[in-house]
Amino acid sequence: MLDLILRHARPAGQAGRICDIGIAAGKIAAIEPHLSADAQAVDVGGRLVSPGFVETHLHLDKSCILERCSAEHGTLEEAIGEVSRAKAAFTAEDVYRRAKKTLEKCILQGTTHIRTHIEVDPGIGLRGLEGVLPLVDEYAWAVDLEICIFPQEGLLNNPGTEKLMVEALKRGGSVIGACPYTDSDPHGQIDRVFGIARELDVDIDMHLDFSLDPSDMDLIHVCRRAEEFRYGGRVAAGHVTKLSALAPEELASAAERLRNAGAALTMLPSTDLYLMGRERHHHVPRGVAPAHKLLKAGVNCSLATNNVLNPFTPFGDCSLVRIANLYANTCHVGTGEDMAECFAMITTRAAALMNLSDYGVAVRNRADLVVLDCETREQAVAELAPVLYAFKHGVRTVSRELPVLHRPN
Ligand SMILES: [Zn+2]
């Protein structure tokens with residue numbers, strides 16, 4: 001017995017074959033050329049059907065505060081300072097309202113899984129978490145929301161933060177983050193975060209190496225600890241813009257280290273492009289780490305949104321397809337397998353980074369699917385193909401009408 005059939009679907013990454021996808025009890029029950037069953041059907045007309053988009057790195061708590069902040073210089077220091085000032089006035093209710101608005105935009109863009117990074121420190125306390133936590137259940141019909149707790153304003157330099165982080169992890173956080181460049185002893189922060197992660201048995205997702213000076217890379221220390229504590233496959237790092245400043249042979253050696261340690265990376269092109277290279281007035285470096293080259297060296301990577309409408313990133317429609325397009329355009333990717341990999345970095349590769357199970361267009365996996373107005377993954381990235389439908393646990397959560405051209409008579 002099927003509940004729903006997507007007819008004439010073109011599953012992502014399956015050589016363009018067209019088939020019917022049968023869904024029962026929230027899971028994919030059959031993928032066959034012609035399913036004959038008495039169930040509700042949606043004819044997707046040969047369009048691309050992909051597993052739902054996976055957003056590995058998004059700050060819901062500080063989204064939509066651009067009008068409360070100044071963003072004159074566009075530097076990382078200004079962004080941290082301005083958000084820190086604005087945070088003092090955050091209430092749980094205020095965080096809830098803004099996060100909800102951003103979350104709904106993500107859902108409308110076809111995102112079905114999100115890891116959101118939430119700040120705790122003595123200034124904000126747990127108000128960020130309290131604002132976001134109700135959304136986990138409220139939107140479970142459309143999106144799986146995972147919470148990563150991290151110290152945006154320092155850990156070792158900011159007494160009281162560690163206690164709050166542990167409390168937040170016990171109250172709903174399931175991943176621990178870090179921001180080593182905010183402490184005077186970055187390695188000390190990394191060690192402490194590994195310590196808490198091992199005590200609570202949670203995965204790690206850090207903000208790391210966020211500048212263009214590659215002379216001193218914290219990710220080498222992260223690899224060291226990941227190997228020592230057998231945390232391979234459970235550690236990810238975001239930004240790593242310093243990797244964009246490495247010569248090919250240095251990049252190859254960093255990639256080997258990352259691959260051996262089992263550490264994954266997330267590039268955040270919108271933020272990285274906006275904040276990096278501000279010290280330069282011409283020939284401004286791009287500051288986006290070359291994910292497609294690192295993939296070839298065996299390092300898993302994802303692409304993500306990071307911030308929406310705040311001093312870190314005064315942009316944001318929450319479209320991961322747009323982020324993949326931005327990455328491709330910025331990093332000289334335009335054809336072939338690398339374009340398909342840009343799509344994988346917002347779907348299957350992002351899911352692998354988050355250790356999601358039951359993900360992908362295959363029988364027995366969860367029916368978390370999106371239908372895009374194109375035929376291939378490469379087209380989706382190149383043409384910014386819109387999402388026409390999204391399904392969560394086999395139930396339609398989004399539909400979008402195509403625009404109509406009104407020709408003269
Ligand atoms: Zn971030």
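The values are calculated or read from the model by the stated rules, or taken from the named source; none is laboratory data. From a predicted model like this one, the values you see are computed outputs, not experimental measurements. Virtual Cβ from ideal backbone geometry, glycine too; neighbours counted across all protein chains shown. SASA here: full protein model, heavy atoms, side chains in, ligands and nucleic acids out. Shrake-Rupley method; radii C 1.70, N 1.55, O 1.52, S 1.80 Å.
A few remarks follow.
- For region 281-292, the count of residues that are away from the ligand (no atom under 16 Å from the Cβ), open to solvent by 10 Å² or more (accessible area, probe 1.4 Å) and in a helix (DSSP H, G or I) is at least one.
- Among the residues listed as P180, P151, the single one being more than 18 Å from D61 (Cα to Cα), within 16 Å of the ligand (Cβ to nearest atom) and not aromatic (F, W, Y): P180
- Any hit, region 115-123, residues being touching a residue at least 12 places away in the same chain (Cβ under 8 Å), open to solvent by 10 Å² or more (accessible area, probe 1.4 Å) and over 21 Å from the mean Cα position of the chain (by Cα): yes
- Number of residues in region 167-185 that are buried (at least 17 other Cβ atoms within 10 Å of the Cβ) and not aromatic (F, W, Y): the value is 12.
- Region 50-86: number of residues that are at negative phi and surrounded by fewer than 23 Cβ atoms within 10 Å (Cβ to Cβ): 19
- Qualifying residue in region 17-29 (condition: of a type outside the set (A, V, I, L, M, F, W, C), more than 16 Å from the ligand (Cβ to nearest atom) and buried (at least 18 other Cβ atoms within 10 Å of the Cβ)): yes
- Test for E32: is it among the acidic types (D, E), touching a Gly at 6+ places or on another chain (Cβ under 9 Å) and open to solvent by 60 Å² or more (accessible area, probe 1.4 Å): yes
- Out of V387, V363, V395, one residue alone is of a type outside the set (K, R) and open to solvent by less than 10 Å² (accessible area, probe 1.4 Å). It is V387.
- Selected residue (criterion: nearest to V284 (Cα to Cα)) from residues of region 235-246 that are of a type in the set (A, V, I, L, M) and crowded, with 23+ Cβ neighbours inside 10 Å: L243
- Filtering region 254-275 to residues that are crowded, with 24+ Cβ neighbours inside 10 Å and either within 14 Å of the ligand (Cβ to nearest atom) or among the acidic types (D, E) (or both) leaves L265, T266, M267, L268, P269, S270, T271, D272, L275.
- Counting residues in region 253-261 that are under 25 Å from T102 (Cα atoms) and at pLDDT 95 or above gives zero.
- Residues in region 296-339 that are more than 16 Å from the ligand (Cβ to nearest atom), assigned to a loop (DSSP other than H, G, I, E, B) and open to solvent by 10 Å² or more (accessible area, probe 1.4 Å): A297, G298, N300, D317, S319, C331, H332, V333, G334, T335.
- Only listed residue being part of a loop (DSSP other than H, G, I, E, B) and surrounded by fewer than 18 Cβ atoms within 10 Å (Cβ to Cβ), chosen from G232, G188, G195: G232
Yes or no, residue by residue, for (1) closer than 25 Å to S253 by Cα; (2) among the charged types (D, E, K, R); (3) under 16 Å from the mean Cα position of the chain (by Cα):
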position: G277; (1), (2), (3): yes, no, no
position: H281; (1), (2), (3): no, no, no
position: A289; (1), (2), (3): yes, no, yes
position: V321; (1), (2), (3): no, no, yes
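- Of all residues in region 100-149, those satisfying the criterion of being β-branched (V, I, T) and part of a helix (DSSP H, G or I) are T102, I107, V132, V136.
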